[in-house]
1. Given the structure, is residue 3 closer than 24 Å to residue 177 by Cβ and touching a Pro at 6+ places or on another chain (Cβ under 9 Å)?
2. Among the residues that make up the stretch 253-265, is at least one of them in the same structural domain as residue 223 (by TED's automatic domain parsing), hydrophobic (A, V, I, L, M, F, W, C), part of a loop (DSSP other than H, G, I, E, B) and under 20 Å from residue 201 (Cβ atoms)?
3. Can you give me the number of residues within the stretch 134-186 that are in contact with a strand residue (DSSP E or B) (Cβ under 8 Å, 6 or more places away or on another chain), touching a residue at least 60 places away in the same chain (Cβ under 8 Å), under 28 Å from residue 41 (Cβ atoms) and among the charged types (D, E, K, R)?
4. Can you tell which of 294, 312 is modelled with pLDDT of 95 or more and crowded, with 20+ Cβ neighbours inside 10 Å?
5. Only residues that are part of a helix (DSSP H, G or I) and of a type in the set (Phe, Trp, Tyr): list them for the stretch 120-138, please.
6. Kindly indicate whether residue 100 is under 25 Å from residue 294 (Cβ atoms) and touching a Gly at 6+ places or on another chain (Cβ under 9 Å).
7. Of the numbered conditions (1) part of a loop (DSSP other than H, G, I, E, B); (2) in contact (Cβ under 8 Å) with a residue 24 or more places away in the chain; (3) closer than 19 Å to residue 250 by Cβ, residue 117 fails exactly one; give the number of that condition.
8. Considering only the stretch 111-141, state which residues are of a type in the set (A, V, I, L, M) and either under 18 Å from the mean Cα position of the chain (by Cα) or loosely packed, with under 13 Cβ neighbours inside 10 Å (or both).
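The values are calculated or read from the model by the stated rules, or taken from the named source; none is laboratory data. Since the model is a prediction, treat every value here as computed from it, not as a measurement. Cβ placement follows ideal geometry from the backbone for every residue including glycine, while neighbour counts extend to all protein chains displayed.
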Amino acid sequence: MKICIFGAGAIGGYMGAKLAEAGADVSLVARGPHLAAMRENGLTLIEETGETTVKVTASDNAADLGPQDYVIVTLKAHSVPPVVDRMQPLIGPDTTIVSGVNGVPWWYFHKIGGPLEGTRLESVDPGNAQWDGFGPDRVLGCVVYPAAEVARPGTVRHIEGNRFSLGEPDGSKSERALRLSAALTEAGLKAPVRPRLRDEIWVKLWGNLSFNPISALTHATLDVLCTDPGTRAVARAMMVEAQEIAEKLGVKFPIDVDRRIDGGAAVGAHRTSMLQDLDAGRPMEIDALVRSVAELGQITNTPTPTLNTVLALVTLRAKTKGLYV
C-alpha cells in the first residue's frame, strides 16, 4: 500500500512520521527548508514519550513519487485548489484522495442524497477545481483532531490527540476506508471509520467558525473569549445560526451549544489557528471555516446575520494585512 501525504507540515509530518516508523510505504510532499531538512537528516518527531527520527521519501515534485493508493491532503483549505494540477502524477485509476482539511469539505454534497445532491461550493472549491480535478468518487473524508507544530525544519512536535476519523460520503464501511484505518491503527493512531462523518465535521467546525474569527478580531485566547459575556454571546449566536443550517442538512449534534463553548473554555489560554496565522503573516482560513457556512445558509435559506457580520469584519482584517487569498 503506497501512501503519500501532500502538505507534510505539522499534521502531515506527524502522520507521516508515525506511518514511517511503523514501516509503511509512505512519501511526503513538502517544500522549502522543511523539505531540505527531511531529505538531509530525516523527519524527527517529538512526543511525550521521547524523540525519534525516521528516514522518509520526500519531494516537492509529485512526479518523483508516482501513482499512490492513498493521497492524504493535509494542506490549508485555500491551498488545495491551486495545486490540483500538481497532484495529478500521484493519481492512478484506483487512487483514493483522503481529505484531511479543516472546514466544510468541497465534497460535502456528494452522495448526501436528496435535492441538494451534487451541489458545488464555490467558497471552498472555486471553479470546481477539486470536483473536476480529483472527482468526488475518489474522496474519503477525514476529520483531523491532533495538534502539532513544526518546531524547526525537519522536526515536528506532537502536542495532543491522535485521532483521524474516516468516513465515506455515503456512510458505508468500504474496503478502502477499512484498509487505511488498519494502516493508521498499526502506526499507533486512532482511525475509526464513521457512518456519519458529517456530524463530526460540524462539531469541530462549530468551534472553528466562531472561535477562530473572533480570536483574530480580538486577539483573545480561547479561555477569555469563551467566558467574556460579550464575545461568548457573539460566538453562541454564530453557532446557533450554524446549527440551524446543519440540522436542515440532516446533521445530529451530540452536545448542546453551551457545552461546546464550555469545552472551548476548558482548553485554556490557547491561541486559535486563525490568530496564529494572523500573527505569523500567513493567509487565514476564512473561506473554509466561515464563508462556507454563510454559503450553506444561502443554499438552505437560513439567515446568518451574526455570522455575516463577523465574516465581513474578519475578511477586512485579513485584507488590510494582505492575508486574504
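1. On the way: closer than 24 Å to residue 177 by Cβ: yes; touching a Pro at 6+ places or on another chain (Cβ under 9 Å): no.
For residue 3, the condition - closer than 24 Å to residue 177 by Cβ and touching a Pro at 6+ places or on another chain (Cβ under 9 Å) - is not met.
2. In the first step, residues of the stretch 253-265 are kept if they are in the same structural domain as residue 223 (by TED's automatic domain parsing); the result is 253-265.
With hydrophobic (A, V, I, L, M, F, W, C) added as a condition, the list becomes 253, 255, 257, 261, 265.
Retained after the next criterion (residues that are part of a loop (DSSP other than H, G, I, E, B)): 253, 255.
Then drop every residue that is not under 20 Å from residue 201 (Cβ atoms), which leaves 253, 255.
Looking through the stretch 253-265, at least one residue is in the same structural domain as residue 223 (by TED's automatic domain parsing), hydrophobic (A, V, I, L, M, F, W, C), part of a loop (DSSP other than H, G, I, E, B) and under 20 Å from residue 201 (Cβ atoms).
3. So the count comes out to 2.
4. Exactly one of 294, 312 is modelled with pLDDT of 95 or more and crowded, with 20+ Cβ neighbours inside 10 Å, namely 294.
5. Across the stretch 120-138, the qualifying residue is only 131.
6. In short, yes.
7. (2)
8. Across the stretch 111-141, the qualifying residues are 121, 124, 129, 139, 140.
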